[in-house]
Amino acid sequence: MKMKWQARPSHSSRMPERWFRRALWLVAIVFALFLIGLGGKIIGELPTVGQYKVLHDYIDHGRFDPLEKERQAIVKQQNALGEAMEQARLALDKQQAQTQKEQERFDNWLAARAVTEQSSQNPEVIRQTLALDGLKNKEQQLQQKIDALSQQQLDSNQRHSRIQEQIDLLEQEAQERKTADDRRIELKTFLYRLALTLPLLTIAGYLFAKQRQSRWWPFVWGFIYFALFAFFVELVPYLPSYGGYVRYLVGIVITVLAGRYAITAMNRYLERKKAEEALPGNQRQQQMSYDAAQLRISKSICPGCERQLNYQQPDMDYCPHCGINLFDYCNHCKIRKSAFNRYCAGCGHPAGQPEAP
């Protein structure tokens, strides 16, 4: 008997076949890119459904313009009052400093000279006292000027606040009209794009369900990619927001549909696997695709139940999970080989019906 050896898992696809498949995927992507470019060109040349306007276009100018003119005049007056107030404060500070200096000089002069009991009637004392009083009077006049400017500023600020409230009310009304108009344009744009993309999505859904594994699959998948791009790029960004409700609702619907499809597909898969595992091992093996079996073996999973396996174990001839035959023996040379190989790797003899060594 020849020495037994364990066949190593390998991919069954021929090298040219793999390169052809990669080239066909490239064809699908290029086809999708050309379709995307053509679709963008068509959408770009279609007439627009509306032009967005700025807030100024919605304002009632018969009421707004006089208020704005008065507001600008008040602002100009406030600027002038502010400059006058600054000049008056500087003059007051300067006058207060001069008065303080003269007061200190006068106090020192009185303390330094010897006065008589009638010193209060001394002409020099009277003259300097009157001069000091004059400085204090100038101080009071400047303070009165500052008080008057402050009152004017207060009146101007109150007038400005009242006018600004009216302007804000007009702008709020204009904003409401602009928001309503923007939503109308958004809805028209969305419906317009939906009319273009919905047929594409319908066709793409049919192709995915019925034709994705046909002989023309590169063009099928290219069109599917194009439809997905049209949906997520040309349609979804133009969904009306309405505070985010529409977009969240659309997201919920898409998630539910995708989740439902995934759950249904998973249940169908589990039911199919359960039905397959109930069949005898040889019947399951005969119904199994050669390429699919070889691909699963190359990934170290069972061709039948698709659970993880260690193909390096020399005594594992059957799957411990579903019982399908994994290794048998060649009728001609009697070496151990994969039960899914069409020919013996040791002698090249057709597999035929396996027999125990």
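The values are calculated or read from the model by the stated rules, or taken from the named source; none is laboratory data. As the structure is a prediction and not an experimental result, all values here were calculated from the model. Neighbour counts run over all protein chains shown; Cβ positions are idealised from the backbone, glycine included.
If you check Arg260 against the conditions, is it closer than 29 Å to Phe340 by Cα and out of contact with any Lys or Arg (no Cβ under 8 Å at 6 or more places or on another chain)? The answer is no for Arg260.
State all residues of segment 187-234 that are of a type in the set (Val, Ile, Thr) and over 26 Å from Val246 (Cβ atoms); if no residue qualifies, say none.
So in segment 187-234, the residues of a type in the set (Val, Ile, Thr) come out as 189, 197, 202-203, 220, 224, 233.
Across segment 187-234, the qualifying residue is only Val220.
Determine whether segment 232-240 contains at least one residue that is closer than 20 Å to Val27 by Cα, in a helix (DSSP H, G or I) and not β-branched (Val, Ile, Thr). For segment 232-240, residues closer than 20 Å to Val27 by Cα, in a helix (DSSP H, G or I) and not β-branched (Val, Ile, Thr): absent.
Residues checked against (1) over 33 Å from the mean Cα position of the chain (by Cα); (2) among the charged types (D, E, K, R); (3) in a helix (DSSP H, G or I):
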{"residue": "Gly134", "(1), (2), (3)": "yes, no, yes"}
{"residue": "Gln158", "(1), (2), (3)": "yes, no, yes"}
{"residue": "Thr179", "(1), (2), (3)": "no, no, yes"}
{"residue": "Lys188", "(1), (2), (3)": "no, yes, yes"}
{"residue": "Ala204", "(1), (2), (3)": "no, no, yes"}
{"residue": "Pro218", "(1), (2), (3)": "no, no, yes"}
{"residue": "Tyr225", "(1), (2), (3)": "no, no, yes"}
{"residue": "Leu228", "(1), (2), (3)": "no, no, yes"}
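Scanning segment 126-137 for residues that are crowded, with 16+ Cβ neighbours inside 10 Å and under 21 Å from Ala88 (Cβ atoms) gives a single hit, Leu135. In this structure, Arg184 does not satisfy being in contact with a helix residue (DSSP H, G or I) (Cβ under 7 Å, 6 or more places away or on another chain) and not hydrophobic (A, V, I, L, M, F, W, C).
Sub-7 Å Cβ pairs linking a first residue in segment 63-80 that is closer than 11 Å to His160 by Cβ to a second residue that is hydroxyl-bearing (Ser, Thr, Tyr), at least 6 apart or interchain, are Ile74/Ser156; Gln77/Ser156; Gln78/Ser156, ordered by first then second residue.
Annotation note: Cβ proximity below 7 Å between a residue of segment 259-281 that is closer than 23 Å to Cys319 by Cβ and a residue that is assigned to a helix (DSSP H, G or I) (sequence gap 6+ or interchain) occurs for Glu276/Arg284. Based on this model, can you work out whether Ile252 counts as modelled with pLDDT of 85 or more, closer than 30 Å to Thr179 by Cα and either surrounded by 11 or more Cβ atoms within 10 Å (Cβ to Cβ) or out of contact with any Lys or Arg (no Cβ under 6 Å at 6 or more places or on another chain) (or both)? Against the criterion (modelled with pLDDT of 85 or more, closer than 30 Å to Thr179 by Cα and either surrounded by 11 or more Cβ atoms within 10 Å (Cβ to Cβ) or out of contact with any Lys or Arg (no Cβ under 6 Å at 6 or more places or on another chain) (or both)), Ile252 qualifies.
Of all residues being touching a Gly at 6+ places or on another chain (Cβ under 9 Å) and in contact (Cβ under 8 Å) with a residue 40 or more places away in the chain in segment 18-34, which is surrounded by the most Cβ atoms within 10 Å (Cβ to Cβ)? Just the residue, please. Once the filter is applied, the top-ranked residue is Ala32.
Starting from residues that are surrounded by fewer than 14 Cβ atoms within 10 Å (Cβ to Cβ) and among the aliphatic types (A, V, I, L, M), keep the ones in segment 47-72 and report whichever is nearest to Asp147 (Cα to Cα). Among them, the one singled out is Leu55.
Condition check for Gly304 on (1) within 27 Å of Ala209 (Cα to Cα); (2) touching a residue at least 40 places away in the same chain (Cβ under 8 Å); (3) more than 42 Å from the chain's Cα centre (by Cα): one failure, at (2).
Within the option set Arg162, Arg177, being under 30 Å from Ala73 (Cβ atoms), among the basic types (Lys, Arg) and in contact with a Phe, Trp or Tyr (Cβ under 6 Å, 6 or more places away or on another chain) holds for one residue only, Arg177. In segment 122-177, what residues are touching a residue at least 60 places away in the same chain (Cβ under 8 Å), closer than 30 Å to Gln100 by Cα and small (Gly, Ala, Ser)? Matches in segment 122-177: Ser150 only. Just one residue in the set Leu198, Leu235, Leu207 is farther than 30 Å from Ile324 by Cα, surrounded by 11 or more Cβ atoms within 10 Å (Cβ to Cβ) and modelled with pLDDT under 85; that residue is Leu235.
Restricting segment 322-341 to residues that are of a type in the set (A, V, I, L, M, F, W, C) and within 21 Å of Ile301 (Cα to Cα), the residue that is surrounded by the fewest Cβ atoms within 10 Å (Cβ to Cβ) is Cys322.
Rundown of residues vs (1) part of a helix (DSSP H, G or I); (2) at pLDDT below 80; (3) surrounded by 13 or more Cβ atoms within 10 Å (Cβ to Cβ), yes/no style:
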residue: Glu86; (1), (2), (3): yes, no, no
residue: Gln95; (1), (2), (3): yes, no, yes
residue: Gln98; (1), (2), (3): yes, no, yes
residue: Arg105; (1), (2), (3): yes, yes, no
residue: Trp109; (1), (2), (3): yes, yes, no
residue: Glu117; (1), (2), (3): no, yes, no
residue: Glu124; (1), (2), (3): yes, yes, no
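Considering Leu309, Leu326, Leu295, the condition of being within 24 Å of His349 (Cα to Cα), among the hydrophobic types (A, V, I, L, M, F, W, C) and in contact with a Cys (Cβ under 7 Å, 6 or more places away or on another chain) is satisfied by Leu326 alone.
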